[in-house]
Amino acid sequence: MNELDDAEVTAILREVFAEQSVELFSEMEQALLALEREPTDVASLQTVFRVCHTLKGDALSLGFESLGRLAHALEDLLAAARSGELEVEADLISLLLEAVDTARFMAAHALEGQDEESLVAAEMHERIQAHLQAGNVTTVPKVAAQPAAELHEASRTPDVAQTLRVRVDLLDRLLNLAGEIAIGRGGMTERLLGDLAPSTEELLEIHQELDPLVDELQQAVMALRLVPISPLLRQQHRLVRDAAIAEGKQARLVVNGDGAELDTTIVEHLRDPLSHLMRNAIAHGIESADERIRAGKSPEGQITLSAERKGASIFVDIRDDGRGLDANRIRSRAIQVGLLQEHEERSDHELFELIFEPGFSTLDEASRIAGRGVGMDVVRRNIEKVGGTVSIDSQTGIGTHIQIELPLTVAIVDTLGVGVGGEDYFIPLNTVVECLELPQALRNDSAGGVLELRGRPLPFIRLNRVLNTRKTESSREHVVVIQHRGQRAGIAVDVLHGESQAVVKPLSALVPGTPGIAGTTIRSDGRVALLLDAPALLRKAVGWQTGGQHGGGTENRKSKTAGLTARAPLRS
C-alpha cells in the first residue's frame, strides 16, 4: 500500500476540518445561548472554552494563523469570564456570538486559501481588546502553533466513533443501484414469471427469496440518507435571539421532539423556510413587551418549535403566543393589491392562505427582518418542492400555528400509474383521493370542465391538453381526484394502471422545467416515464374553473356539468 504524501495528508486534514468546524461553531453558539439564559451555568462556559481551544489547535495545525489568533483572543475573553474578572452579561455574550460569526467567516476563507488578516478580523480583535481593557483584564501572551503530533494526541478520545460520515453523492449512487435492482426485479417478474405454469416452483421460490432482499436493501439505503433534524432546529435559537434584538422585542424559543430524522435533501430544503417562519413570528406575531403587558401576557413572547414523526411523514409545528393574524387587515390588503374583489366572500382560513401569495405583506413599512413581501411564497414553494405541505391557523390575541408536513424521503414514492395517448405517467399516491369514470356528457375535446361529485362541483383538466401530448383516443375516460391544501380537482386520463413504487429521478438540468412535471422514473420495461406534480395540476384545474387559465367564465362551463355520485375503485 502506497503511503500518502504531505500534500495528500494536508488535503485530507483540510476536508476533516471543513466538516468538523461546522459542528464546532454550532456547539459554541448553542453553549453561548444557554449561557445567556443562565449566566451562572459553569458547564456551558466550560463547553465554549473547550470548543474554542479545539478550534484554535485545529486551525494552527493547518497553518491558518489568522483564525488561530482570533480563537486565542476569544480564549482571553472566556478565561476572564471563567475567573470572574469579567461579568457574564448581555454585551459579553453578544460580542462572543459576533466573534463566532467572524471566525466562521474566516474559516471558510482560510479553506479557500485566504488566511490573510481581514478588516473584519482586525475590527473584532480591537473590540475584544477594548472589552478586556474596560474590565481591567490583563491578557496572556499569545501561543505559538503546537506540533501536529501533539495536537493529534490531545484530540484523541477513548471512545470509538459510532457514526461514519458518508458523502451524499455516494448515497445517491447507492440509491440508484437499489432502484435499478428493483426495476430489474420487476422486469424479471413480467418477462419470466408471467407466462410460467404453476408447476415451475423453483423459479418462483427464487423470486420469493429475492423480493424481500431487494426491499431490505432499498430500506437500508433509504435509512442511510436520514439525518437528525435536531441540528437544524437548534440553529433557530440564535436566529430568534438576533431577530428579537433587531425588533426591540423579548422572545425565546422552545424546541421539542428534535429526535426525528429526515432525508438529507428535505432537511436542506427546510432550512430557508424555517428561517423565514422564525423571522415572521418575531416581526408579525410577537408583540412588544409593553403591548404584551397591556394584553395581560408575559413581556417575553414564546415560540415553540417541534417535530414529530407520524407514519411516513414528519410534522414540524411552529407556534407563537403573539397577536395572531388579522383577517380584516389581510382582506383589505388583498383587495388593495388585487388578490380579492371588493364583495368577494372568503373564510378566515382562506384569507390566511393569502399570505403565501408572492409579494403579499401587511406591514406598511419594511423592518430589518420582514415586510418586503418576500418569504412566505418561498416557504410554500420550497416545501412543495419536496412533496410537503404547509398550512396556517391563527386566533386573534392568542397566536399563530403553522404546520409543515414532510415525507421522510423524496427518493422513492408510492404512485398511481395512468396512461394518456399511449404514454404512461405516475401521480404521487398521497395526493390521490379516488378514481372514477368520466360521464359520457363530458367526453369531448375541451381542455377541462366541471363535474358534480356528491353534490359538489369538481373542476377537472385533461392531462393530454396540459402536457400538449397526443390526442386521447380511448372510448373511455377516467378522472383521478387529487387533493392538496384542502382543495380538490380532477385529472382526466385514458387508463388507470394501478399502484406501484417509483424511484424518483430529477429532471436533467439540460431540460427546462415543465409545469405539471415533478421528475422522472424508469418503468420495469426500461422506458422512462414522467412523475406528475399534483399541486401544480390542481392549481391549473382550479384556475380553469375560475377563468384564470383558458378564459371564459364559470357560467359557460356549468352548463356542461354532469352529476356523478359513484366511486370507482383503483385497479391493482
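The values are calculated or read from the model by the stated rules, or taken from the named source; none is laboratory data. Treat the numbers as computed from the prediction; the structure is a model and nothing was measured. Cβ sites come from the backbone with ideal geometry, for glycine too, and all protein chains shown count toward neighbours. The protein model used for the area step is the full one, side chains on, heavy atoms only, and it has no ligands, DNA or RNA in it. Shrake-Rupley method; radii C 1.70, N 1.55, O 1.52, S 1.80 Å.
Confirm whether Leu538 is at pLDDT 80 or above and not in a strand (DSSP E or B).
yes
Which condition from (1) within 28 Å of Leu170 (Cα to Cα); (2) modelled with pLDDT under 80; (3) out of contact with any Asp or Glu (no Cβ under 8 Å at 6 or more places or on another chain) is the one that Arg225 breaks?
Condition not satisfied by Arg225: (3).
Would you say Ile404 is part of a strand (DSSP E or B) and β-branched (Val, Ile, Thr)?
Considered against the rule, which asks whether it is part of a strand (DSSP E or B) and β-branched (Val, Ile, Thr), Ile404 comes out as yes.
When the residues of the stretch 46-55 are filtered to those that are touching a helix residue (DSSP H, G or I) at 6+ places or on another chain (Cβ under 6 Å) and open to solvent by 10 Å² or more (accessible area, probe 1.4 Å), which remaining residue is nearest to Phe105 (Cα to Cα)?
Phe49
Go through the stretch 16-39 and report how many residues are open to solvent by 70 Å² or more (accessible area, probe 1.4 Å), closer than 19 Å to Leu86 by Cβ and in contact (Cβ under 8 Å) with a residue 24 or more places away in the chain.
1
Considering Leu363, Leu305, which residue is at pLDDT 85 or above and either open to solvent by less than 10 Å² (accessible area, probe 1.4 Å) or within 20 Å of Gly248 (Cα to Cα) (or both)?
That would be Leu305, the only listed residue that is at pLDDT 85 or above and either open to solvent by less than 10 Å² (accessible area, probe 1.4 Å) or within 20 Å of Gly248 (Cα to Cα) (or both).
Can you name the residue in the stretch 220-234 that is within 14 Å of the chain's Cα centre (by Cα) and assigned to a helix (DSSP H, G or I) and, of all such residues, is farthest from Leu97 (Cα to Cα)?
Filtering the stretch 220-234 for residues that are within 14 Å of the chain's Cα centre (by Cα) and assigned to a helix (DSSP H, G or I), the one farthest from Leu97 (Cα to Cα) comes out as Ser230.
Being open to solvent by 10 Å² or more (accessible area, probe 1.4 Å) and under 12 Å from Ile318 (Cβ atoms) is the filter here, so list the residues in the stretch 271-280 that pass it.
Across the stretch 271-280, the qualifying residues are Ser275, His276, Arg279, Asn280.
Select, from Arg476, Arg488, the only residue that is outside any loop (DSSP other than H, G, I, E, B) and at pLDDT 75 or above.
Arg488
With the condition kept exactly as written, say whether any residue in the stretch 449-459 is in contact with an Asp or Glu (Cβ under 8 Å, 6 or more places away or on another chain) and either under 23 Å from Arg488 (Cα atoms) or at pLDDT below 80 (or both).
Yes, the conditions are met somewhere in the stretch 449-459.
Quickly run through the stretch 77-103 and pick out the residues that are within 27 Å of Arg14 (Cβ to Cβ) and surrounded by 19 or more Cβ atoms within 10 Å (Cβ to Cβ).
Leu78, Leu96, Ala99, Val100, Thr102, Ala103
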